[in-house]
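Encoded as structure tokens, the structure appears first; notes follow it.
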């Protein structure tokens with residue numbers, strides 16, 4: 001009986017701890033060739049003060065090639081793997097909110113998670129700011145600005 005009581009207590013404590021544990025997979029990252037498609041800390045979106053929007057600022061080198069841009073969590077989760085929604089928005093238009101499609105299901109489709117990436121081809125080295133418009137369900141739009 002004592003062992004059963006201890007087991008129940010351990011299960012209760014573990015479930016309480018998991019309720020308050022932050023889910024790191026909900027963190028979003030800018031992913032591209034210049035990040036080696038990895039979820040690197042320096043490309044993690046951070047919340048803008050007094051806003052629900054999130055932002056990343058980075059320098060992009062103009063090497064003559066186009067870069068492909070995605071927003072995703074560390075494990076390319078369904079609903080956290082975002083690219084363009086409308087084909088007309090595939091090529092990035094600076095300083096314009098572009099709608100995101102975040103429902104790519106890597107496990108179900110069993111192909112590369114790099115589907116529907118935005119494309120940008122810088123003409124000279126510059127800093128860019130990537131801003132996510134956040135809703136209660138996740139990111140809905142992205143805006144890319146050149147500094």
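The values are calculated or read from the model by the stated rules, or taken from the named source; none is laboratory data. Being a predicted model, the structure only gives us computed values, none of them experimental. FYI the Cβ positions are ideal-geometry reconstructions off the backbone, even for glycines, and counts take in every protein chain you see.
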request  = Select from region 117-133 the residues that are in a loop (DSSP other than H, G, I, E, B), in contact (Cβ under 8 Å) with a residue 60 or more places away in the chain and surrounded by fewer than 16 Cβ atoms within 10 Å (Cβ to Cβ) and list them in ascending order.
outcome  = 123, 124, 125
inquiry  = Among the residues of region 52-62, what is the count of those that are more than 22 Å from residue 101 (Cα to Cα) and not in a strand (DSSP E or B)?
reply    = 2
message = Let me spell it out: the conditions are (1) over 11 Å from the mean Cα position of the chain (by Cα); (2) assigned to a loop (DSSP other than H, G, I, E, B); (3) under 22 Å from residue 103 (Cβ atoms), and residue 65 meets all of them except one. Which number is the exception?
response = (3)
note = Restricting attention to region 94-116, the residues that are surrounded by 13 or more Cβ atoms within 10 Å (Cβ to Cβ), modelled with pLDDT of 95 or more and assigned to a loop (DSSP other than H, G, I, E, B) number exactly 1
inquiry  = Quick check on my filter: what residues within region 48-63 are in contact (Cβ under 8 Å) with a residue 24 or more places away in the chain and either touching a strand residue (DSSP E or B) at 6+ places or on another chain (Cβ under 7 Å) or over 17 Å from residue 147 (Cα atoms) (or both)?
reply    = 48, 52, 53, 54, 55, 56, 57, 58, 59, 60
ask   = Are any residues in region 17-44 modelled with pLDDT of 65 or more, surrounded by 11 or more Cβ atoms within 10 Å (Cβ to Cβ) and in a helix (DSSP H, G or I), and if so, which ones?
value = 26, 33, 34, 35, 43
inquiry  = For region 70-89, check the following and say yes or no: at least one residue is part of a loop (DSSP other than H, G, I, E, B), buried (at least 18 other Cβ atoms within 10 Å of the Cβ) and more than 12 Å from the chain's Cα centre (by Cα).
reply    = no
